[in-house]
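**Q** Sharing a structure, written as structure tokens. Questions coming.
The values are calculated or read from the model by the stated rules, or taken from the named source; none is laboratory data. No experiment lies behind these values; they were computed from the predicted model shown. Note that we place each Cβ from the backbone using ideal geometry, even for glycine, and neighbour counts take in every protein chain shown.
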Amino acid sequence: MVNPRKKPKFKKQGSGYLKRVKDRWRKPRGRHSKLRRKEKSKGKLPNVGYRAPKETRGLHPSGLEEVYVQNINDLEKIDPKKQAGRLSAKIGKRKKALIVKKAEEMKIKLLNA
């Protein structure tokens with residue numbers, strides 16, 4: 001597990017009881033907004049304190065760096081100790097089977113094989 005701390009769900013104000021208000025985050029800008037004024041029980045605002053540690057930022061939850069793989073040659077650029085491969089969605093069944101077989105030989109972890 002890369003980031004053990006739990007981040008709160010940052011929800012848009014009113015998304016809990018208004019169907020038309022989507023769940024995604026938007027900054028509250030209203031004049032009387034309780035969320036903008038940071039009142040206790042009204043939810044959390046994203047800020048720099050929730051950022052992940054620098055060494056784990058951008059890594060897969062397994063702790064490995066993701067490398068995009070489109071062909072067999074891309075596998076040779078992967079360091080199996082620090083990186084894992086993610087296969088392109090554009091690869092066909094036959095090529096995917098070849099890449100998976102080669103990755104097993106090289107002991108490379110594929111995240112979506």
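**Q** Could you say which residue among HIS60, HIS32 is out of contact with any Gly (no Cβ under 9 Å at 6 or more places or on another chain), closer than 30 Å to LYS107 by Cβ and outside the structural domain of LYS96 (by TED's automatic domain parsing)?
**A** Working: HIS32 fails: closer than 30 Å to LYS107 by Cβ.
It is HIS60.
**Q** Does LEU35 count as more than 29 Å from VAL2 (Cα to Cα) and assigned to a loop (DSSP other than H, G, I, E, B)? So that I can check it myself, show each step before the final result.
**A** Working: more than 29 Å from VAL2 (Cα to Cα): yes; assigned to a loop (DSSP other than H, G, I, E, B): yes.
Yes.
**Q** Please go through segment 1-58 and give me each residue that is of a type in the set (Ser, Thr, Tyr), surrounded by 13 or more Cβ atoms within 10 Å (Cβ to Cβ) and free of Cβ contacts under 8 Å to residues at least 40 places away in the same chain, ordered by number.
**A** Matches in segment 1-58: SER15, SER33.
**Q** If you don't mind, there's one more thing I want to ask. In contact with an Asp or Glu (Cβ under 7 Å, 6 or more places away or on another chain) and assigned to a loop (DSSP other than H, G, I, E, B): which single residue out of LEU45, LEU59 fits that description? Step through it out loud before you land on a result.
**A** On the way: LEU45 fails: in contact with an Asp or Glu (Cβ under 7 Å, 6 or more places away or on another chain).
Checking each option against the conditions leaves just LEU59.
**Q** Quick check on my filter: what residues within segment 71-90 are of a type in the set (S, T, N, Q) and either in contact with an Asp or Glu (Cβ under 6 Å, 6 or more places away or on another chain) or surrounded by 13 or more Cβ atoms within 10 Å (Cβ to Cβ) (or both)?
**A** Once the filter is applied, which keeps residues that are of a type in the set (S, T, N, Q) and either in contact with an Asp or Glu (Cβ under 6 Å, 6 or more places away or on another chain) or surrounded by 13 or more Cβ atoms within 10 Å (Cβ to Cβ) (or both), segment 71-90 yields GLN83, SER88.
**Q** Looking at (1) surrounded by 11 or more Cβ atoms within 10 Å (Cβ to Cβ); (2) at pLDDT below 95; (3) closer than 30 Å to PHE10 by Cα, which one does ALA113 not meet, given that it meets all the others?
**A** With (1) surrounded by 11 or more Cβ atoms within 10 Å (Cβ to Cβ); (2) at pLDDT below 95; (3) closer than 30 Å to PHE10 by Cα applied to ALA113, the lone miss is (3).
**Q** Picking from PRO4, PRO46, which residue would you name as being outside the structural domain of ARG86 (by TED's automatic domain parsing) and under 29 Å from LEU111 (Cα atoms)? Outline the logic, then answer.
**A** Details: PRO46 fails: under 29 Å from LEU111 (Cα atoms).
Being outside the structural domain of ARG86 (by TED's automatic domain parsing) and under 29 Å from LEU111 (Cα atoms) holds for just one of PRO4, PRO46, which is PRO4.
**Q** Any chance you could count how many residues in segment 91-113 are within 26 Å of the chain's Cα centre (by Cα), touching a residue at least 24 places away in the same chain (Cβ under 8 Å) and outside any loop (DSSP other than H, G, I, E, B)?
**A** 3
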